[in-house]
Ligand code: HSE
């Protein structure tokens with residue numbers, strides 16, 4: 001059996017903690033033979049555990065505990081990931097979704113999508129990465145007081161260009177620079193921008209979506225000093241025709257939404273700057289979680 005989960009890019013500027021897209025980089029978990037202990041072969045570096053301490057298996061355990069079931073066997077697993085770690089592309093969320101599905105398959109839980117999303121939000125705390133990793137495409141979601149509501153929609157047609165810096169930025173570090181509170185006036189302004197962002201995405205208006213994502217007041221301005229590339233890439237975006245540029249998740253990846261016919265030009269203009277990092281042309285993933293050789 002093979003479980004495949006896309007990477008995700010959250011926030012889209014003003015959709016902080018609420019809006020995310022699934023993108024075309026994938027985590028794959030393969031169930032190999034039964035084994036006396038859990039063992040994960042992976043290519044993610046020596047800091048990532050290969051045993052029960054791995055997020056995949058802590059998630060599996062949390063789900064089994066929640067459902068009050070035990071597995072009769074342990075397995076040898078293989079995990080392969082194209083998703084860069086700690087870069088704002090939802091690497092942990094992809095693992096959480098894979099762990100929930102692993103529990104679902106191995107314990108034959110027959111979980112619905114809504115149940116999987118509820119479990120994922122309980123583990124992750126906010127839905128903006130886990131929801132698109134599970135459901136694909138564009139997801140607008142809200143988790144408040146333990147209740148998650150969500151809408152899945154087609155993302156407007158465009159190219160995505162992700163600049164992934166060579167340095168890591170941990171979400172917890174990137175959240176530490178955020179204010180504890182916003183004034184009422186500021187919250188109303190920030191949420192009005194988010195409302196127009198959402199409406200523009202749902203009506204295929206990328207020009208307005210680009211303006212609204214760049215007008216975010218929830219997080220980007222507080223985080224900008226942690227990601228010096230953001231401002232530069234945004235300026236290149238303005239000069240050479242991107243719809244909009246935003247900080248992907250908690251950063252440091254910077255995402256540009258680009259008209260298809262401007263992708264080559266923008267790629268060249270960014271390459272000319274010799275920034276330290278990698279540029280990925282990406283597409284929207286509209287499938288989300290997939291299972292090959294499912295038990296259901
Ligand atoms: N919305 C989250 C943030 C995404 O920006 O901190 C990372 O988990």
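Taking a ≥ b ≥ c as the square roots of the eigenvalues of the alpha-carbon gyration tensor, the range 98-137 is classed prolate because a/c is 1.5 or more and a/b outweighs b/c.
Between residue 180 and residue 202, the contour length at 0.36 nm per residue exceeds the alpha carbon distance by 4.9 nm. Sort out for me the Cα centre separation of the range 245-296 from the range 46-83, rounded to whole Å. Here the two parts' Cα centres lie 28 Å apart.
The mean sequence separation of alpha-carbon pairs under 8 Å and at least six residues apart, normalised by the residue count of the range 1-92, gives a relative contact order of 37 percent.
For the chain, modelled as a GNM whose springs connect Cα atoms under 10 angstrom apart, the maximal fluctuation among 57, 12, 32 occurs at 32. Here the extension length gained between residue 167 and residue 113 equals 16.0 nm, from 0.36 nm per residue of separation less the Cα-Cα distance.
Only helices enter the 222 nm calculation for the chain: every DSSP H run of n ≥ 4 contributes -39,500 (n - 2.57), and dividing by all residues gives -11000 deg cm²/dmol, rounded to 500. Under the shape rule built on the C-alpha gyration tensor, where the axes satisfy a ≥ b ≥ c, the chain is prolate, since a/c reaches at least 1.5 and a/b is greater than b/c. Simple spin-label estimate for residue 260 and residue 144 gives 3.9 nm between the two label positions (7 Å along the Cα-to-Cβ direction from each Cα). Placing dummy labels 7 Å off each Cα toward the beta-carbon, the span from residue 32 to residue 151 is 4.6 nm. Taking the chain as a Gaussian network of alpha-carbon nodes connected by springs under 10 Å, the highest mean-square fluctuation of the residues 188, 164, 95 belongs to 188. Among 82, 34, 122, the residue with the largest mean-square fluctuation in a Gaussian network model of the chain, with springs joining Cα atoms closer than 10 Å, is 34. Computed from the C-beta positions of residue 187 and residue 224 and an R0 of 22 Å, the FRET efficiency is 0.65 to the nearest 0.05.
Using a cutoff of 8 angstrom between alpha carbon atoms and counting only pairs six or more residues apart, the relative contact order for the range 1-160 works out to 29 percent. Take each peptide in 70-76, 85-91, count the other Cβ atoms within 10 Å of every residue, and average; sorted highest first, the result is 85-91, 70-76.
For the range 159-282, the relative contact order comes to 41 percent (Cα pairs under 8 Å, sequence separation of at least 6).
Shape of the range 159-282 from the C-alpha gyration tensor: oblate (a/c of 1.5 or more and a/b not above b/c, with a ≥ b ≥ c the square roots of its eigenvalues). Taking only Cα atoms, what is the 0 to 90° angle, nearest 10, from helix 55-67's long axis to the longest principal axis of the chain? Between the helix axis and the principal axis of the chain, the angle is about 60 degrees. Between residue 53 and residue 68, the contour length at 0.36 nm per residue exceeds the alpha carbon distance by 3.4 nm. For 271, 79, the sequence from fewest to most other C-beta atoms within 10 Å is 271, 79.
Since every read-out is calculated from the coordinates, none of them should be taken as a lab result. Keep in mind that what you see is a predicted model, and the values were worked out from it rather than measured. Neighbour counts are summed over all protein chains in view; Cβ atoms, including those assigned to glycine, are modelled from backbone coordinates with ideal geometry.
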